[in-house]
Amino acid sequence: MSVRVLLVDDQALLRSGFRMVLEEQDDIEVVGEAADGDEAVARATELSPDVVLMDVRMPGSDGIDATRRIVAQLPAVRVLILTTFDLDEYAFTALRFGASGFLLKDVRPAELAGAIRCVAEGDAVVAPSVTRRLLDAYAHRLPDLRPGRDPARDQGLALLTEREIGILTEVAGGLSNQEIAAKLSLAEATVKTHLGRILAKLALRDRVQAVVYAYQTGLIRPGAPS
């Protein structure tokens with residue numbers, strides 16, 4: 001079954017370029033395009049794509065608000081952000097609103113296709129180290145960084161086992177599943193299983209939200225050593 005993609009960018013030339021790249025993939029289908037945030041929400045509602053490839057910096061209604069609305073209204077739809085800079089406050093805000101990751105606009109075709117497949121399967125595609133840099137740079141914008149500020153979040157941490165808290169801490173520290181497995185002397189499949197349980201217990205969508213959660217609860221602090 002093909003992954004159905006909606007392209008959102010205010011520049012028609014860029015949309016055409018991404019369409020050409022994606023249409024070369026047998027398992028990816030571009031089902032529509034949009035030129036701004038309002039149109040993105042309307043088209044996502046109409047088409048129910050698997051993945052929205054979303055530019056965040058657009059005139060008028062931008063991709064941040066569109067991401068928030070799509071994630072809220074269409075929880076099965078995944079949003080993958082396109083940005084020019086790897087440390088981009090726009091991208092950070094989109095992650096807070098539920099985007100499953102972001103890519104630089106100069107991403108190689110194979111990486112773009114792979115990222116779309118990954119997001120469609122429910123994973124996140126931001127490199128953990130990049131997520132960590134984003135959060136270190138912008139975490140002061142989060143409203144509840146200190147432990148105890150949000151009782152509901154503290155109760156969520158109480159649901160986790162000691163092992164799960166350890167794995168969440170390593171995820172937030174920027175380690176991949178493979179690196180966590182090596183550090184904790186676990187099988188990589190075991191780490192993945194634990195992460196899945198963490199997401200389920202905390203009602204989080206993906207790895208990116210898990211990292212944000214760890215910052216919000218104070219489990220990890222901006223600038224803390226990995």
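Using the Karplus curve 6.51 cos²θ - 1.76 cosθ + 1.60 with θ = phi - 60°, what ³J(HN,Hα) values do you get for each residue of the range 90-106, in whole Hz, with x for Gly and Pro?
4, 5, 4, 5, 5, 4, 4, 8, x, 5, 8, x, 8, 10, 6, 5, 8
Work out, step by step, the length gained on full extension between Arg57 and Lys201: first 0.36 nm times the residue separation, then minus their alpha carbon distance; give nm to one decimal.
48.5 nm
If the convex hull of the alpha-carbon atoms of the range 145-216 is projected onto planes in all directions, what is the mean projected area in square nanometres?
Mean projected area for the range 145-216: 4.3 nm², to one decimal.
Straight-line reach from Lys201: which lysines have a Cα under 20 Å away, not including same-chain ones fewer than 8 places off?
Result set, ordered by chain and number: Lys192.
Give me the distance in nm between label points sitting 7 Å out from Cα along the Cα-to-Cβ direction at Glu24 and Ala12, one decimal.
Between Glu24 and Ala12, the label points sit 2.4 nm apart.
Sum up the charges of everything whose Cβ sits under 10 Å from the Cβ of Asp50, counting Lys and Arg as +1 and Asp and Glu as -1, but leave Asp50 out.
Net of charged neighbours comes to +1.
What does the charge add up to near Glu162, with Lys and Arg as +1, Asp and Glu as -1, over the other residues with Cβ less than 14 Å from its Cβ?
+1
Mind checking the dipole of the range 3-126: about its Cα centre, +1 per Lys or Arg Cβ, -1 per Asp or Glu Cβ, Debye to the nearest 20?
240
Cα gyration tensor of the range 3-126, axes a ≥ b ≥ c as square roots of the eigenvalues: rounded (a/c below 1.5), prolate (a/b > b/c) or oblate?
Judged from the Cα gyration tensor, the range 3-126 comes out rounded (a/c under 1.5).
Go through the range 107-114 residue by residue and turn each phi into a ³J(HN,Hα) via Karplus (6.51, -1.76, 1.60, θ = phi - 60°); whole Hz please, and just put x for glycine and proline.
4, 6, x, 5, 5, 4, 4, x
Return the long-range amide H neighbours of Val30 (sequence gap of 5 or more, or a different chain), with a cut-off of under 5 Å between placed amide H atoms.
Val5
Every read-out reported here was derived from the displayed coordinates using simple, explicitly stated rules and does not represent laboratory data. Everything quoted here is computed from the prediction, not taken from an experiment. Methodologically, a virtual Cβ is constructed for each residue, glycine included, from the backbone with ideal geometry; neighbour enumeration extends over all protein chains shown.
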